[in-house]
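Undergrad: Pasting in a structure now, in structure tokens, and then I'll have a few things to ask.
What follows draws every value from the coordinates through simple rules; no lab data is involved. Since the model is a prediction, treat every value here as computed from it, not as a measurement. So basically every Cβ, Gly included, is an ideal-geometry build from the backbone, and we count neighbours across all protein chains shown.
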Amino acid sequence: MKVLVTGSSGHLGEALVRTLRELEYDVVGLDVLDRSFTTHVGSITNRSWVRRCMDGVRRVFHAATLHKPHVGTHSRQEFIDSNITGTLNLLEEAVTAGVESFVFTSTTSVFGDALLPSPGAPAVWVTEEITPIPKNIYGVTKSAAEDLCQLFHRNEGLPCIVLRTSRFFPEEDDDPTARESYADDNLKVNEYLFRRVDLEDVVGAHVLAAQHAPAVGFRKYIVSATTPFMPGDMQDVRDDAPRAVRQLFPEYEAEYSRRGWKMLPSIGRVYVNDRARRELGWRPQYDFQLVLDRLRADQDFKSPLARLVGSKGYHAEELPPGSYPFK
């Protein structure tokens, strides 16, 4: 089967191409950067080029995007061109080509300001039912692209699955305060409790979404590591996260102490993957318990695929001091 992956020179795109090739798919990789896993170099904003690339394709994995770290280096118009117009071009040509499933990689960043609990309130239990309130051009364009996917399912009958992925990037955190307060691995391991997912699990969700799309039609799913918390824990994790974690993982403190790490004092939101596990049969392997077990055994907590793909960065050049922190 011939499939198309956009953003094939990027982090998720390369991981998808690697995995799909192992599954013996005929993979067409699209990207503006000419790298090993890209077969067609160009921009998805070019409709005629997209049309040529779509020939014979049965499934589309749309991972190409301008990301949050580009907010400080790219104009709003560039975000609209890439994230909205590019998605529109792909959807139009997918319909024309008779594509059987379209998987759009979105982000939990679309929730934006909807995830800000009031002072003293419990942490937010984040499911797909929460209405997004994007807080930057990145979130706005990803939310709009989700709506385009729904429109094309409703009006054109194109099976579309939207995957709202939580953090899986290997780069440093975009928050300078967080970078100064925690070792990078410490911060990432903490996030497996509520807002991180391993790259290998993200790829698995995409493969399953493409398989289920014709039967599902249109659906949005949160793709994040399975949280150990329950809805009744939300006040505890907001008030005293170390205590809440200690109740579930009494062994974590010794390992953190051995490494000179610390737990976040408070957690304000928890992403919930129940729908994806229930409806897609997704079984993410990498959660806080597995990561903790690997740390205790002095093993790398990342999946083999995540280690293989490594870090791509976001910018080709070193940014001047005070600019957005990612390269």
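Undergrad: How high is the relative contact order of the range 18-58, in percent, counting Cα pairs under 8 Å that sit 6 or more residues apart?
TA: Reported as a whole number, the value is 25 percent.
Undergrad: Something else about it: Using all Cα-Cα distances in the chain, what percent lands in each 20 angstrom bin from 0 up to the longest?
TA: Taking every Cα pair in the chain, the percentages come to 32, 59, 10.
Undergrad: Please work through the chain and write down the cysteines that have no neighbouring cysteine Cβ at a distance under 4.7 Å.
TA: CYS53, each lacking another Cys Cβ under 4.7 Å.
Undergrad: How do 179-188, 111-120 rank on mean C-beta neighbours within 10 Å, highest first? Please list the in-between numbers first.
TA: Details: 179-188: 15.1, 111-120: 13.2.
Per-residue mean Cβ counts within 10 Å order the peptides as 179-188, 111-120.
Undergrad: Can you compute the modelled spin-label distance between GLU78 and ASP113, with each label point 7 Å from Cα toward Cβ, in nm?
TA: 2.6
Undergrad: Relative contact order for the range 1-134 using alpha-carbon pairs under 8 Å, separation at least 6, rounded to a whole percent?
TA: Reported relative contact order: 22 percent.
Undergrad: What is the percent of Cα-Cα separations in the range 159-282 that go past 27 Å?
TA: Counting pairs separated by more than 27 Å, the tail of P(r) holds 26 percent.
Undergrad: Would you mind telling me the antiparallel percentage of the DSSP bridges in the range 88-247, rounded to 5?
TA: 0
Undergrad: So what is the relative contact order for the chain, in percent, with contacts set as C-alpha pairs under 8 Å and at least six apart?
TA: RCO, the chain: 18 percent.
Undergrad: Taking the Cα atoms of the range 9-69, report the difference between the largest and smallest coordinate on each principal axis, in whole Å and largest first.
TA: 30, 29, 18 Å, listed from the longest principal axis down.
Undergrad: Setting aside same-chain residues fewer than 8 positions from LYS135, which aspartates and glutamates have a Cα under 20 Å from its Cα?
TA: GLU78, ASP81, ASP113, GLU146, ASP147, ASP173, ASP174, ASP175
Undergrad: Moving to a separate point now. For a quick check: sort SER75, SER43 by the number of other beta carbons within 10 angstrom, fewest at the front.
TA: Arranged by neighbour count, lowest to highest, SER75, SER43 become SER75, SER43.
Undergrad: With each run of n ≥ 4 DSSP H residues scored as -39500 (n - 2.57), what mean residue ellipticity at 222 nm is computed for the chain after dividing by its residue count and rounding to the nearest 500 deg cm²/dmol?
TA: When only DSSP H runs of four or more count, the value is -11500 deg cm²/dmol.
Undergrad: What would the Debye formula give as log10 I(q)/I(0) at q = 0.11, 0.16, 0.19 Å⁻¹ for the alpha-carbon point model of the range 1-147, no solvent?
TA: -0.45, -0.86, -1.11
Undergrad: Measure up LYS142/LYS262; LYS220/LYS262; LYS2/LYS302; LYS142/LYS220 against 23 Å on the Cα-Cα distance and list the ones that go over. Kindly include the intermediate steps, with their values, before the conclusion.
TA: On the way: LYS142/LYS262 33 Å; LYS220/LYS262 34 Å; LYS2/LYS302 30 Å; LYS142/LYS220 13 Å.
Exceeds cut-off: LYS142/LYS262; LYS220/LYS262; LYS2/LYS302.
Undergrad: Give the residue list of GluC sites (Glu not before Pro) in the range 218-275 that are DSSP loop and have at most 16 other beta-carbon atoms within 10 angstrom.
TA: Here the GluC sites (Glu not before Pro) that fit, given the DSSP loop and packing criteria, are GLU251.
Undergrad: I need two numbers for the range 86-245: Rg to one decimal and Dmax as a whole number, Cα atoms only, in Å.
TA: Gyration radius and largest Cα-Cα distance of the range 86-245: 17.5, 55 Å.
Undergrad: By average Cβ neighbour count within 10 Å, what is the ranking of 159-167, 134-142 from highest down?
TA: Answer by packing, highest mean first, reads 159-167, 134-142.
Undergrad: Compare GLN299, GLN289, GLN235 in a GNM of the chain, Cα atoms joined below 10 Å, and give the one with the largest fluctuation.
TA: Answer for the Gaussian network model of the chain: GLN299.
Undergrad: Compute the distribution of all C-alpha to C-alpha distances in the range 63-131, in bins of 10 Å from 0, and list the percent of pairs in each, rounded to whole numbers.
TA: 16, 34, 31, 16, 3, 0
Undergrad: Please compute, over every Cα-Cα pair in the range 115-208, the percentage with a separation greater than 21 angstrom.
TA: Details: 2242 of 4371 pairs.
Percent of Cα pairs beyond 21 Å in the range 115-208: 51.
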